[in-house]
1. Scan the range 175-194 and give yes if some residue there is open to solvent by 40 Å² or more (accessible area, probe 1.4 Å), touching a residue at least 24 places away in the same chain (Cβ under 8 Å), in contact with a Leu (Cβ under 7 Å, 6 or more places away or on another chain) and not acidic (Asp, Glu), otherwise no.
2. Within the range 61-83, take every residue that is of a type in the set (S, T, N, Q) and crowded, with 21+ Cβ neighbours inside 10 Å and give me the one that is farthest from Gln290 (Cα to Cα).
3. So Glu156 fits all but one of (1) of a type in the set (Asp, Glu); (2) in contact with a Phe, Trp or Tyr (Cβ under 9 Å, 6 or more places away or on another chain); (3) farther than 21 Å from Ile278 by Cα; what number is the exception?
4. Take Ala263 and tell me if it is touching a residue at least 12 places away in the same chain (Cβ under 8 Å), over 23 Å from Lys29 (Cβ atoms) and in a helix (DSSP H, G or I).
5. Residues being at pLDDT 95 or above and over 14 Å from Leu161 (Cβ atoms): count how many of those fall in the range 83-135.
6. Name the single residue that is modelled with the lowest pLDDT among those in the range 215-241 being closer than 17 Å to Gly22 by Cβ and not charged (D, E, K, R).
7. Of Leu25, Leu34, which residue is closer than 19 Å to Val208 by Cα, open to solvent by less than 10 Å² (accessible area, probe 1.4 Å) and out of contact with any Asp or Glu (no Cβ under 6 Å at 6 or more places or on another chain)?
8. Could you figure out which of (1) without any contact (Cβ under 8 Å) to a residue 12 or more places away in the chain; (2) open to solvent by 60 Å² or more (accessible area, probe 1.4 Å); (3) of a type in the set (A, V, I, L, M, F, W, C); (4) within 20 Å of Thr67 (Cα to Cα) isn't true of Leu286?
Amino acid sequence: MTPVPRQRILSGIQPTNHITIGNYLGALKNWVALQDRFDCYFAVVDLHAIVTGRQGLTDNTYYALATYLAAGINPERCCLFAQSQVSQHAELAWLLNCYTYMGELQRMTQFKDKSSKAGRNIPAGLFNYPVLMAADILLYQANLVPVGEDQRQHLELTRTLAQRLNKTMAKPLFIVPDAYIPKVGARIMDLRNPKIKMSKSNPSPEGVLYLHDSKDSIAQKIRRATTDSDTEIRYDLEQKAGVSNLLAMQAAISGKAIADLEAGYQGQNYGRLKADCIEVVSAEVLQLQQRITALLADRPYLQSIMNKGAEQARAVAQKTLAAVNSAIGFVSPCADDKKDIS
């Protein structure tokens with residue numbers, strides 16, 4: 001009997017040395033759990049990164065890859081690659097741009113938010129960012145995309161473009177992807193403002209836990225985390241956002257159910273909750289830091305993983321791009337035309 005092919009997953013994180021505990025718990029840790037169940041493609045999305053600048057890009061790309069590996073992502077079980085090493089991403093993004101409407105991009109919430117902070121000189125790449133994201137996903141015929149709630153709008157545009165091209169070309173060029181949102185740790189919030197997602201771009205670094213933070217820094221930030229005037233430790237996103245955030249971090253790291261954590265805190269105060277959170281987070285981050293440091297000491301190894309992953313990714317991406325080019329009507333280069341006639 002022919003085995004049923006596994007569903008494919010595509011995801012990525014921008015290269016930075018400011019990867020947060022939110023990135024780790026909301027993305028990387030979940031990717032580890034997915035790599036044995038799905039056909040996984042995980043990219044370091046460096047093309048996306050240059051929208052906001054390229055300072056330290058090379059070092060940050062290696063750091064991001066080392067973080068993937070330190071988190072437990074296995075290059076023997078999934079495809080790890082740098083986005084810029086697969087030129088088909090940029091090629092398909094241009095083609096998709098020609099079938100994307102200005103109004104669709106203007107309605108993107110993240111564009112409105114980020115462009116309002118960019119001043120007068122707003123990069124065109126910021127406007128077209130969701131189209132490149134769509135190209136990332138559609139190139140690999142991904143069935144599922146691990147996304148947080150804040151990325152759902154971008155995924156909906158990807159679905160719209162896939163359906164539009166399929167209909168326009170009267171061919172099933174793309175799989176229409178669905179969101180994959182884990183139940184625990186999917187969205188870690190800012191410690192000081194638990195109503196917004198934890199992000200390296202947040203205005204106050206005091207609300208953000210970075211994977212490079214020292215134990216003292218982690219302890220200080222968690223002790224100052226916003227809670228509420230109540231004393232009951234329970235998970236309630238509406239009424240107790242700060243407390244819920246601390247419980248979610250513990251649950252995502254320890255693997256314990258939130259209900260079990262709640263039961264263990266009966267009669268306890270917020271000081272106990274924060275102390276436990278400091279211990280759990282610090283231990284996890286310290287182990288990650290040690291593994292990242294060891295991996296960064298061997299750049300040839302990291303480069304070999306990127307080279308292998310890029311080769312695998314290009315093979316899949318080129319197959320999709322060739323089908324799209326053919327459907328649009330581009331003339332493909334003939335073998336005879338490639339011969340050296342000098």
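The values are calculated or read from the model by the stated rules, or taken from the named source; none is laboratory data. All of these numbers come straight from a predicted model, not from anything done at the bench. Positions of Cβ are backbone-derived with ideal geometry, glycine not excepted, and every protein chain shown enters the neighbour counts. Only protein heavy atoms, including side chains, enter the accessible area calculation; ligands, DNA and RNA are left aside. Shrake-Rupley method; radii C 1.70, N 1.55, O 1.52, S 1.80 Å.
1. Filtering the range 175-194 for residues open to solvent by 40 Å² or more (accessible area, probe 1.4 Å) gives 175-176, 178, 180-181, 183-184, 187, 192-193.
After this cut, where a residue has to be touching a residue at least 24 places away in the same chain (Cβ under 8 Å) as well, the list is 175, 178, 180-181, 184, 187, 192-193.
Next cut, in contact with a Leu (Cβ under 7 Å, 6 or more places away or on another chain) only: 178, 180.
Right, trim to not acidic (Asp, Glu) and you get 180.
Looking through the range 175-194, at least one residue is open to solvent by 40 Å² or more (accessible area, probe 1.4 Å), touching a residue at least 24 places away in the same chain (Cβ under 8 Å), in contact with a Leu (Cβ under 7 Å, 6 or more places away or on another chain) and not acidic (Asp, Glu).
2. Keep residues of the range 61-83 that are of a type in the set (S, T, N, Q), which gives 61, 67, 74, 83.
With crowded, with 21+ Cβ neighbours inside 10 Å added as a condition, the list becomes 61, 67, 83.
On the way: Thr61: 18, Thr67: 10, Gln83: 26 Å.
Here the residue is Gln83.
3. Tallying (1) of a type in the set (Asp, Glu); (2) in contact with a Phe, Trp or Tyr (Cβ under 9 Å, 6 or more places away or on another chain); (3) farther than 21 Å from Ile278 by Cα, Glu156 fails exactly one: (2).
4. Working: touching a residue at least 12 places away in the same chain (Cβ under 8 Å): no; over 23 Å from Lys29 (Cβ atoms): yes; in a helix (DSSP H, G or I): yes.
No: the conditions fail for Ala263.
5. Matching residues across the range 83-135 total 9.
6. Leu237
7. Details: Leu34 fails: closer than 19 Å to Val208 by Cα.
When all the criteria are applied, what remains is Leu25.
8. Only one criterion is unmet by Leu286, namely (1).
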